[in-house]
Amino acid sequence: MGHAELWAMIAVACIFTAIGIAAGIMLNSWIQKIQKDSAIKSADKIKKDAEREAEHLLRDARVSAKAETLKMREECELELKERRREQTTNEKRLAQREELLDRRADSMDAKSKNIEKQEKEIETLRERLTGREQELAKSISRQIDELERIAGMNRDEAREILLEKLKNEIKNESGLMVRNQLEEAKARSEREARRILTYAIQRYASDCTYERTTATIPLPTDEMKGRIIGREGRNIRAIEAATGVSILIDDTPEAVVISCFDPVRKEVARQLMERLIADGRIHPTRVEELAKKISKDLEEELYQVGEAAVLETGIQGVSPQIMKLLGRLKYRYSFSQNVLQHSLETSYFMGIIAAELGLDEQKAKRIGLFHDLGKAIDHEVEGPHAQIGADLLRKHNEAKDVVHAVAAHHGEVEPESLYDILISACDTLSASRPGARSETTELYLKRLEQLETIAHEFSGVESCFALQAGREIRVVVLPEKIGEGEAQMLAKDICARIEKEMTYPGQIKCTVIRETRSVEYAK
């Protein structure tokens, strides 16, 4: 191979090398351009995605802010409305008090003018009286002079004759007074002898506590009154409906008053109020739950009270049902005398006198304890309480002579044994001691019981309560039996029946309550 061919091959190699280098440079430039375009497109896509995300977040933030603003506005409007309502209520109360003060001021002005007028009249009468006294003194002086002239005696002689006459009159009157004093002393000594004899026979004394129709509940603060009343009075209405009492809230600081003629209801309401105040949760649902629980606990307490009475008298073989009925007598009063205490007294009297007469002491005490048992349910069963009690004892397998003595203790059944006569005497002995009973209270309670009985006799009535010392009867009806339109007619019918059968002062308000509740459970 020659040099020319060698150089030709070198030249060709250089040319191909230059072409390869140029092609590599062009290929690298093209690849870089493609990568640059791809990066630009990716950046544009990221930018657009970021802009869309930012716009979405901004839109959500605006919607959320608008909703929050609307919610705050509604809450502010509700609070403002509530405050305006409270302000309106306070303004009405203030206006009423101002009106009351104005009336009192007018009344005081009228009384003041009347007093001034009376003072002037009194002064005029005093002047007239002074003039009359002077005229009378002159007239007496003239008459004395005239009497001395006519009688021919001076004043000293007339005084001696008058004193002698008065002395004789006083002697006669003193004799009458002594005789009256002797008769009174004799009667007093007889009464004292009977009292001493009674104490000697009975050898037993007990206190008699008059029934109370109100109970005062202390409050920790006056703010608690508002919580007891509740919004629009819902809480206090729930308490009164659950217990059948009247809640009196007045200006007495840190206290509310419970008023009810039924001591059992009053006791339930008292315990309910104390527990609600201590717990702090006061709402209608809580009120109903606590009222049911307290009523159940009170039923257990009645059994314990009856059991304690049986143990105190020492009698045996008494059924649990009879013990429970005896416990109910703790909250039953007859002419303001507690019936359970009266039964215990009668039982002791029966035992002591039976022992003196040689009779069965245990049987006598048993008759005395059971004689007023019918009063535990006489508001539920028709008939005299003596017959009701006898039927109860017969149902629980008491001895025949015990049953007959209970039935005969008011003379409705002819007595057959000494126990029948003895229970009547001991019943009278316990009831007739001074301060044991008061007829006014008993008549008042009978009127309230009659009021509730009349309402109970109508169909569809679930429960009823006499409130406000008998000035209101509140009737709760079954909604499935009494419709909306029938409730008004029922109230009118009850009022017509009350007007026909009862005698009462003033007027009686009849309120018919029909309540419908819908309850569902989320599962």
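Restricting to region 222-277, and then to whatever is among the acidic types (D, E) and part of a loop (DSSP other than H, G, I, E, B), can you tell me which residue is nearest to T511 (Cα to Cα)?
Once the filter is applied, the top-ranked residue is D262.
With respect to T88, is the statement that it is under 19 Å from E232 (Cα atoms) and either part of a helix (DSSP H, G or I) or of a type in the set (V, I, T) (or both) true?
Taking the combined requirement at face value, the residue satisfies it.
In the set R149, R142, R194, R132, which member is more than 50 Å from the chain's Cα centre (by Cα), at pLDDT below 75 and assigned to a helix (DSSP H, G or I)?
So the residue among R149, R142, R194, R132 that is more than 50 Å from the chain's Cα centre (by Cα), at pLDDT below 75 and assigned to a helix (DSSP H, G or I) is R149.
Taking E274 and the conditions (1) more than 21 Å from P218 (Cα to Cα); (2) in contact (Cβ under 8 Å) with a residue 24 or more places away in the chain, which numbered condition does it fall short on, given that it satisfies the others?
(1)
Give all pairs with beta carbons closer than 6 Å in which a residue from region 476-490 that is surrounded by fewer than 17 Cβ atoms within 10 Å (Cβ to Cβ) meets a residue that is among the hydroxyl-bearing types (S, T, Y); count only pairs at least 6 apart in sequence or on separate chains.
Taking only residues 6 or more apart or on different chains, the pairs are P479/T516.
Residue-by-condition table, conditions (1) in the same structural domain as D427 (by TED's automatic domain parsing); (2) within 19 Å of the chain's Cα centre (by Cα):
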residue: L272; (1), (2): no, yes
residue: A278; (1), (2): no, yes
residue: L290; (1), (2): no, yes
residue: D297; (1), (2): no, yes
residue: E300; (1), (2): no, no
residue: Y303; (1), (2): no, no
residue: I322; (1), (2): yes, no
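Taking the condition of being in contact (Cβ under 8 Å) with a residue 60 or more places away in the chain and outside any helix (DSSP H, G or I), how many residues in region 289-320 meet it?
Going through region 289-320 one residue at a time, the tally reaches 1.
If you go through region 386-408 one residue at a time, do you hit one that is among the β-branched types (V, I, T), modelled with pLDDT under 90 and within 21 Å of V310 (Cα to Cα)?
No: zero hits.
Suppose the filter is modelled with pLDDT under 85, surrounded by fewer than 18 Cβ atoms within 10 Å (Cβ to Cβ) and of a type outside the set (G, A, S); does E288 pass it?
Taking the combined requirement at face value, the residue does not satisfy it.
Give the residue that is farthest from L298 (Cα to Cα), with candidates limited to residues of region 217-246 that are of a type in the set (A, V, I, L, M, F, W, C) and free of Cβ contacts under 8 Å to residues at least 24 places away in the same chain.
I229
Being more than 26 Å from the chain's Cα centre (by Cα), closer than 30 Å to E452 by Cβ and buried (at least 17 other Cβ atoms within 10 Å of the Cβ) is the filter here, so list the residues in region 343-386 that pass it.
S343, L344, E345, T346, L369, F370, H371, D372, L373, G374, H385, A386
Go through the residues of region 221-237 one by one and say whether even a single one is at pLDDT 80 or above, of a type in the set (K, R) and closer than 24 Å to S334 by Cβ.
no
Quick one: in region 477-510, of everything that is of a type in the set (D, E, K, R), farther than 18 Å from A466 by Cβ and not in a loop (DSSP other than H, G, I, E, B), which residue is nearest to the chain's Cα centre (by Cα)?
Taking the candidates together, the pick is K492.
The values are calculated or read from the model by the stated rules, or taken from the named source; none is laboratory data. From a predicted model like this one, the values you see are computed outputs, not experimental measurements. Please note: Cβ atoms are built from the backbone with ideal geometry, for glycine as well, and neighbour counts cover all protein chains shown.
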